[in-house]
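K.L.:
This structure is in structure tokens; I'll ask about it shortly.
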Amino acid sequence: MEFCMFVERIKAEVERLAGTDYEVQLQEILKNNGRLHVGLTVMKRGSKGAPIVYLEQYYARRMAGELSIETMAKEIYETAASFDKPVLWGMKADKFEDVEGKIIYRLIDYKRNEKLLKDVPFVPYQDLAVVFCLLLGEDESGLMSALIHRSHAEQWGTDAEALYQLADKNTPELFPSTVTPMEEIMKGLAGETEGNEGGEGKTECLPNEGAERNLLILTNRSGVYGASAILYEGVLKNIAQRLGSDLVILPSSVHEVILLPYEDERRMEGLERMVREINQTVLPEEEVLSDQVYVYNRETDKVFRAREEEGEKVS
């Protein structure tokens, strides 16, 4: 069954279950790195908002023969109908002071998100972009947030610079950074995947044999969009002082970065090839942060690209 036919059948079945009390709509949502997702909203009439249920995961389950159309439609309808958490347009967000403490930032790739960045306030950072979200909630199932668009900023009478100042205060407080030696992670993986070939790919990010002893994983306590921890004041400086070295920053994904002591500029080209290969063959496209390698200089307290190429700076 083709995806478009699947979407129409799911929508029709959810509409049948929802009856006249709900309005069922299809929406296309632009996600990180230009990925377009198809979602279904089931909104109670008179309500100001509704959750979006993305259909790609259900399509995969259908193609695997796990569930029928009727069973999936019932699951989607019941999930949407019982939803009671606030969404951006349903919470008290008319005044900027109502949301100031919930504004956080995330790092994404600039070039891969040029279309998205036309509609959202952002601050350039190297070849990346700092975008802003409103934290709506957090529970055992994960984080709920909403990307802040230019229309929101205009409604609040604010801009990217003001949003950055707030997010730079809120994000480290709400999502403190965590630093874990790669060696500890590898030991844990070895225990979990002993005899299982599925764990072998995790070592592909290591520059050389035994190098995990010199590598650190920097993320945040939630592990979601934790690469933005490199923006936190003092984090890279403290790590560099502890190691007694400048740092190489490998953009493992939007969720984390790998740090290692800076040794030799001649290694940078090889590290960039490794990052590009992992981005192309291992990571889901939505989780790719950058194809570049960065260096943190502890004397200047600045991050710069290891190998600047003409025409690639964010303007």
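K.L.:
So is residue 289 surrounded by 15 or more Cβ atoms within 10 Å (Cβ to Cβ), of a type in the set (A, V, I, L, M, F, W, C) and within 16 Å of the chain's Cα centre (by Cα) or not?
P.N.:
Numbers: surrounded by 15 or more Cβ atoms within 10 Å (Cβ to Cβ): yes; of a type in the set (A, V, I, L, M, F, W, C): yes; within 16 Å of the chain's Cα centre (by Cα): yes.
Considered against the rule, which asks whether it is surrounded by 15 or more Cβ atoms within 10 Å (Cβ to Cβ), of a type in the set (A, V, I, L, M, F, W, C) and within 16 Å of the chain's Cα centre (by Cα), residue 289 comes out as yes.
Here's the yes/no breakdown for (1) closer than 24 Å to residue 176 by Cα; (2) out of contact with any strand residue (DSSP E or B) (no Cβ under 8 Å at 6 or more places or on another chain):
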{"position": "234", "(1), (2)": "yes, yes"}
{"position": "251", "(1), (2)": "yes, no"}
{"position": "262", "(1), (2)": "no, no"}
{"position": "265", "(1), (2)": "no, yes"}
{"position": "281", "(1), (2)": "no, yes"}
{"position": "284", "(1), (2)": "no, yes"}
{"position": "287", "(1), (2)": "yes, no"}
{"position": "290", "(1), (2)": "yes, no"}
{"position": "307", "(1), (2)": "no, yes"}
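K.L.:
I need the full set of residues from segment 148-197 which are under 17 Å from residue 222 (Cβ atoms) and at pLDDT below 90, in order please.
P.N.:
Taking segment 148-197 first, the residues under 17 Å from residue 222 (Cβ atoms) are 167, 170-180, 185.
Hit for segment 148-197 is 185, nothing else.
K.L.:
Still on this structure: Filter segment 118-142 for residues that are crowded, with 16+ Cβ neighbours inside 10 Å and out of contact with any strand residue (DSSP E or B) (no Cβ under 6 Å at 6 or more places or on another chain) and give the result. Before you say what the answer is, go through the steps one by one.
P.N.:
Step one: list which residues in segment 118-142 are crowded, with 16+ Cβ neighbours inside 10 Å, which gives 120-123, 125-136.
Answer for segment 118-142, where residues must be crowded, with 16+ Cβ neighbours inside 10 Å and out of contact with any strand residue (DSSP E or B) (no Cβ under 6 Å at 6 or more places or on another chain): 121, 125, 127.
K.L.:
Turning to a different aspect of this structure: Given the options 108, 148, name the one that is open to solvent by less than 10 Å² (accessible area, probe 1.4 Å), touching a Cys at 6+ places or on another chain (Cβ under 9 Å) and of a type in the set (Val, Ile, Thr). Give the steps one after another, and end with the answer.
P.N.:
Details: 108 fails: touching a Cys at 6+ places or on another chain (Cβ under 9 Å).
That would be 148, the only listed residue that is open to solvent by less than 10 Å² (accessible area, probe 1.4 Å), touching a Cys at 6+ places or on another chain (Cβ under 9 Å) and of a type in the set (Val, Ile, Thr).
The values are calculated or read from the model by the stated rules, or taken from the named source; none is laboratory data. Here the structure is a predicted model, which is why all the values come from computation and not from measurement. Ideal geometry is used to build each Cβ from the backbone, glycine not excepted, and the neighbour counts take in all protein chains shown. Ligands, DNA and RNA are stripped out before the accessible areas are found, and what is left, the full protein with its side chains, is counted by its heavy atoms. Shrake-Rupley method; radii C 1.70, N 1.55, O 1.52, S 1.80 Å.
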